[in-house]
Amino acid sequence: MGLFDDMLKAEETLFRNDDALDFEFVPKVVPFREGEQREVVNSVKPLLLSHTGRNIIIHGPPGVGKTVAVKHVLKELEESDWDINLFYINCWKKNTTYKVMLELCEQLDFKFTQNKKIDELLRVVKGLLTGRGAVLVFDEIDKAEDYDFLYLLTEELYHKSIILITNHKEWIATIDDRIRSRLMPGVIEFKPYTLEEVRGILKERVKLAFQEGVWEDSLVEEVCRITHKFNDVRLGLFLLREAAMGAELESSPRIKRAHLDKAISRINSFMVKADSQLGDQSKEVLDIIKENPNKKIGDIFLVYKEKGGSMSYRSFQRKIKSLSDNGFIETKRIGGGKEGNTTILSFTKGKKE
Ligand SMILES: Nc1ncnc2c1ncn2[C@@H]1O[C@H](COP(=O)(O)OP(=O)(O)O)[C@@H](O)[C@H]1O
Ligand SMILES: [Mg+2]
């Protein structure tokens, strides 16, 4: 028997369109975020009247629709007749001022970037934008290693709206004063969805992604419940896909409880991102914490510095925060002692609840 003999044929798949389960997928409508999208629209509206736009910071926990809501607004703007430039940059991927400038040139179809320095690239961007408004979205802004680009763009571009997105409300307090006073951003909070809203979102995806009748209502309800518990719609999309793939592997025409249970048992490995997804600096810090368990944050910083680390204490604290938020490490505040309050760090294998 060949290894692939007992597989379902392509036309027998349980999926109708599995793209609809991709985390990057932008649906035609993004329900339950109408108010937030309206606020984003209001911030960019002045650009349509050739004024300068407002800047905003969007914050909220992971998987509550921040990215998809903003992308949806960008899509609508793109499809409208307004002549403005739209930029979307993920700072996890483009994490330095130089990379951001290169990316802006790239999105403007300017190819002759080789050997150009930051200020030359900025001049190119400015030149290509002359007279036109620009919406610049920087997603996962807290992942950027430096923020000079924010300073440069607020300073050098005239008609623009800058939209910053972060999972960490605390990041807002760390913005440099010189950038803050130029941005003067409005703040929009994305709160977690209610169970009813999670249901609305996931049921729509089930309709888009799967053939009719492959999901039982009670199993979808279970997915909604877990998704709501973890406050992260991505988790629901993951469970829907995993369970269906499990069913397909067994050539089952319907998804059964056992398939969902197996998918649920994989949640832990899903929630903890692989080390390999971390940037170099985070990995370096994580390795030090692994080697020095249950140490104070200040001591870990000293080891980091001894090893030649270049981050300031403030950036270091931000890295620690993000490692903790993503479930890589545990932090514990302790009081007292002669140095007052401090934080103890330890490596963890599972996501905190
Ligand atoms: N209101 C919504 N309607 C439809 N899909 C949503 C909604 N909110 C979140 N999603 C989906 O959930 C996933 C996570 O949303 P995303 O916007 O990436 O979250 P984050 O807040 O982390 O940026 C995405 O696949 C997105 O399409
Ligand atoms: Mg996002």
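The values are calculated or read from the model by the stated rules, or taken from the named source; none is laboratory data. From a predicted model like this one, the values you see are computed outputs, not experimental measurements. Because the Cβ atoms are built from the backbone with ideal geometry, glycine has one as well, and the counts that use them run over all protein chains shown.
Structure values in brief
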{"read-out": "Residue match in segment 160-173 (condition: small (Gly, Ala, Ser), surrounded by fewer than 21 Cβ atoms within 10 Å (Cβ to Cβ), away from ligand 1 (no atom under 16 Å from the Cβ) and not in a helix (DSSP H, G or I))", "value": "no"}
{"read-out": "Test for Val137: is it within 30 Å of Tyr313 (Cβ to Cβ), away from ligand 2 (no atom under 16 Å from the Cβ) and under 26 Å from the mean Cα position of the chain (by Cα)", "value": "no"}
{"read-out": "Residues of segment 111-159 satisfying the condition of being at positive phi and surrounded by fewer than 16 Cβ atoms within 10 Å (Cβ to Cβ)", "value": "Asn115, Gly131"}
{"read-out": "Helices (runs of 4 or more DSSP H) wholly inside segment 244-353 that include at least 3 residues being modelled with pLDDT of 85 or more", "value": "257-265, 280-291, 297-306, 313-325"}
{"read-out": "Residues (of a type in the set (A, V, I, L, M) and over 17 Å from the mean Cα position of the chain (by Cα)) located in segment 49-104", "value": "Leu49, Leu77, Ile84, Leu86, Met101, Leu102, Leu104"}
{"read-out": "Residue within segment 191-210 that is surrounded by 17 or more Cβ atoms within 10 Å (Cβ to Cβ), under 18 Å from Arg314 (Cβ atoms) and within 16 Å of ligand 1 (Cβ to nearest atom) present", "value": "no"}
{"read-out": "Restricting segment 62-95 to residues that are polar (S, T, N, Q) and surrounded by 16 or more Cβ atoms within 10 Å (Cβ to Cβ), the residue that is farthest from ligand 1 (Cβ to nearest atom)", "value": "Asn85"}
{"read-out": "So Val44, is it of a type in the set (A, V, I, L, M, F, W, C), under 24 Å from the mean Cα position of the chain (by Cα), surrounded by 16 or more Cβ atoms within 10 Å (Cβ to Cβ) and under 17 Å from Ile141 (Cβ atoms)", "value": "no"}
{"read-out": "Selection count where residues are touching a His at 6+ places or on another chain (Cβ under 8 Å) and closer than 30 Å to Thr97 by Cβ, scope segment 173-232", "value": "4"}
{"read-out": "Helices (runs of 4 or more DSSP H) completely within segment 29-118 that count 2 or more residues being within 15 Å of ligand 2 (Cβ to nearest atom)", "value": "34-48, 66-79"}
{"read-out": "Residues of segment 215-237 that turn out to be out of contact with any Leu (no Cβ under 8 Å at 6 or more places or on another chain) and in a helix (DSSP H, G or I), as a count", "value": "7"}
{"read-out": "Hits in segment 110-159 - residues which are modelled with pLDDT of 95 or more and within 16 Å of ligand 1 (Cβ to nearest atom)", "value": "Val137, Phe138, Asp139, Glu140, Ile141"}
{"read-out": "Close pairs from segment 55-75: first within 17 Å of Arg38 (Cβ to Cβ), partner basic (Lys, Arg) and near ligand 2 (Cβ under 9 Å from one of its atoms), Cβ under 6 Å, at least 6 apart", "value": "Ile58/Lys66; Gly60/Lys66"}
{"read-out": "Single residue of segment 7-23 satisfying the filter (in a loop (DSSP other than H, G, I, E, B) and under 28 Å from Gly63 (Cα atoms)) that is modelled with the lowest pLDDT", "value": "Thr13"}
{"read-out": "Residues satisfying the stated conditions in segment 43-68, i.e. of a type in the set (A, V, I, L, M), over 24 Å from Arg180 (Cα atoms) and at pLDDT 95 or above", "value": "Val64, Val68"}
{"read-out": "All positions within segment 236-264 that are crowded, with 20+ Cβ neighbours inside 10 Å and within 30 Å of Gly60 (Cβ to Cβ)", "value": "Gly236, Leu237, Phe238, Leu239, Leu240, Glu242, Ala243, Ala244, Leu260, Ala263"}
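Let's see how each residue does on (1) under 21 Å from Gly53 (Cβ atoms); (2) aliphatic (A, V, I, L, M); (3) in contact with a Ser or Thr (Cβ under 6 Å, 6 or more places away or on another chain):
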residue: Ala69; (1), (2), (3): yes, yes, no
residue: His72; (1), (2), (3): yes, no, no
residue: Asp83; (1), (2), (3): yes, no, no
residue: Lys94; (1), (2), (3): no, no, no
residue: Gln107; (1), (2), (3): yes, no, no
residue: Leu136; (1), (2), (3): yes, yes, no
residue: Glu145; (1), (2), (3): no, no, yes
residue: Leu150; (1), (2), (3): yes, yes, no
residue: Leu164; (1), (2), (3): yes, yes, no
